[in-house]
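The values are calculated or read from the model by the stated rules, or taken from the named source; none is laboratory data. Everything numeric in this text was worked out from a predicted model, so none of it was measured. Glycine gets a Cβ as well: all are built from the backbone with ideal geometry, and neighbour counts include every protein chain shown.
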């Protein structure tokens with residue numbers, strides 16, 4: 001039915017909207033919209049039923065608009081029979097919402113009139129034009145959105161991350177780069193978590209030490225740092241949306257990919273229900289020999305002694321921790337030797353290739369000194385009280401001292417004259433010392449038997465991913481140990497370069513002579529030279 005032809009008086013609801021993004025845009029102000037709509041009503045002899053104004057609300061995604069909802073209610077109540085707006089994008093920019101609005105107006109015998117876009121749904125032809133124009137508008141919005149996404153993707157791939165710089169990072173010409181002043185805090189958080197500390201324990205430790213001058217560290221802060229992909233060099237855009245975009249290797253990493261991924265596995269394991277009131281050596285590491293699930297832990301106390309067990313509720317089996325602990329001893333001694341090699345011999349070589357850019361540290365020291373000067377001037381001008389000034393200046397001074405220590409460390413590392421052959425000789429001397437001075441060696445490097453439960457737990461947590469068990473009659477044995485990649489990868493590199501020996505049974509003229517250690521990657525000529533050098537310390541052949 002055409003209201004104009006029937007001579008029915010049109011009662012218009014004047015809808016005006018201005019969003020936050022076009023507050024300052026010419027021609028979009030609310031007074032301007034009101035003035036022009038009133039003039040249009042006067043020209044066409046429309047009665048003004050009411051004014052409906054939504055301010056600072058976007059119509060792009062159909063956000064809730066209280067005044068627009070009130071207008072719809074008045075249409076239902078027949079207070080008005082026309083929706084009048086200046087432009088179609090004042091009503092909605094979504095083709096889906098547009099269809100809903102047109103259907104709503106038809107169901108309630110009401111109509112739409114958009115002044116500037118010449119949309120008038122009082123006729124069938126007008127309705128068709130309205131739908132065509134909205135389709136074109138929606139297409140342009142989608143094309144603009146697509147161009148924006150392409151530009152954003154290019155910026156992210158260049159390291160321009162559209163978010164606040166997380167702890168450990170700063171911005172250099174809008175690019176996210178590691179911050180020399182705070183990156184070590186992030187490294188320490190991952191290291192502590194990898195060694196078995198929970199979010200709460202790390203936060204408590206940091207509060208006690210007042211790390212970065214703060215005593216308000218929270219477990220949620222540690223949690224968000226542990227799960228943030230940016231620390232291994234990746235970035236996820238739109239993480240909270242249904243279709244996030246993953247960008248790999250777009251930022252200089254602070255943590256290796258292996259360490260980050262291992263922490264995620266540990267995070268998922270720790271999220272499971274588990275009895276944690278006592279220290280279980282193989283916490284979340286043992287797999288059921290029947291179903292492959294991670295075993296739970298339980299303990300009993302008899303005559304003042306605690307006995308630990310691992311169980312699978314589904315398979316109804318229980319395994320004594322003591323049996324697994326004893327079998328693990330030989331593997332544990334190898335871990336001890338690995339630690340000895342890495343800490344005593346391999347670390348100095350790594351330090352020689354000091355990867356912290358010296359120039360970046362020196363620039364950061366200069367920035368901190370300038371910050372200290374500004375703080376002093378602010379105090380002299382009365383901005384801070386003496387106590388506040390002392391607290392803030394100490395935080396900056398501590399940061400400067402930490403950066404200076406990094407430079408000293410680099411200088412000391414560059415002074416090392418170790419080469420691979422020196423390290424191999426030193427390693428073998430240490431091994432011979434272990435044989436000749438066993439008691440002293442055991443005092444310095446505790447064998448597995450002498451380690452406390454907490455020490456064993458930390459060693460397992462650091463190096464082992466999981467342990468598969470097998471059942472032989474009524475007994476259980478270790479079938480396979482899956483070491484963490486961050487341990488296995490460098491360990492294999494050390495082995496490949498001859499830093500870690502292998503051993504096998506040695507027979508001479510049919511008689512068993514014991515185990516012999518050897519390196520497969522050193523030829524006889526090199527081995528002979530090393531033996532000559534070892535003779536300076538021991539009678540070896």
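When the range 282-310 is limited to residues that are at pLDDT below 85, over 27 Å from the mean Cα position of the chain (by Cα) and assigned to a loop (DSSP other than H, G, I, E, B), the one that is farthest from residue 485 (Cα to Cα) turns out to be 303.
Among the residues in the range 376-388, are any within 20 Å of residue 181 (Cα to Cα) and modelled with pLDDT of 80 or more? Break it down stepwise before answering.
Keep residues of the range 376-388 that are within 20 Å of residue 181 (Cα to Cα), which gives none.
No; the residues of the range 376-388 include none that is within 20 Å of residue 181 (Cα to Cα) and modelled with pLDDT of 80 or more.
In the range 249-281, of all residues being over 30 Å from residue 450 (Cβ atoms) and exposed (fewer than 12 other Cβ atoms within 10 Å of the Cβ), the one that is modelled with the highest pLDDT corresponds to 268. Restricting attention to the range 187-210, does a residue exist that is surrounded by fewer than 20 Cβ atoms within 10 Å (Cβ to Cβ), at pLDDT 85 or above and more than 30 Å from residue 456 (Cβ to Cβ)? Yes; the residues of the range 187-210 include at least one that is surrounded by fewer than 20 Cβ atoms within 10 Å (Cβ to Cβ), at pLDDT 85 or above and more than 30 Å from residue 456 (Cβ to Cβ).
In the range 350-366, which residue that is out of contact with any helix residue (DSSP H, G or I) (no Cβ under 8 Å at 6 or more places or on another chain) and modelled with pLDDT under 85 is farthest from residue 404 (Cα to Cα)? Looking at the filtered set, the residue picked out is 350. Here residue 446 meets each of (1) modelled with pLDDT of 70 or more; (2) under 30 Å from residue 257 (Cα atoms); (3) part of a loop (DSSP other than H, G, I, E, B) with one exception, condition (2). Where helices (runs of 4 or more DSSP H) sit wholly within the range 169-276, those with at least 3 residues that are more than 16 Å from the chain's Cα centre (by Cα) occupy 199-209. Among all positions in the range 50-66, there is no residue which is over 18 Å from residue 97 (Cα atoms), modelled with pLDDT of 85 or more and part of a helix (DSSP H, G or I). Selection within the range 116-147: residues that are crowded, with 16+ Cβ neighbours inside 10 Å and modelled with pLDDT of 75 or more. The member of this set that is farthest from residue 40 (Cα to Cα) is 121.
Mind telling me which of the residues 372, 435 ends up being part of a helix (DSSP H, G or I) and at pLDDT 85 or above? Reasoning before the result, please.
Numbers: 435 fails: at pLDDT 85 or above.
Result: 372 is the single residue among 372, 435 that is part of a helix (DSSP H, G or I) and at pLDDT 85 or above.
Suppose the filter is in a helix (DSSP H, G or I) and either in contact with a strand residue (DSSP E or B) (Cβ under 8 Å, 6 or more places away or on another chain) or modelled with pLDDT under 75 (or both); does residue 150 pass it? Against the criterion (in a helix (DSSP H, G or I) and either in contact with a strand residue (DSSP E or B) (Cβ under 8 Å, 6 or more places away or on another chain) or modelled with pLDDT under 75 (or both)), residue 150 qualifies.
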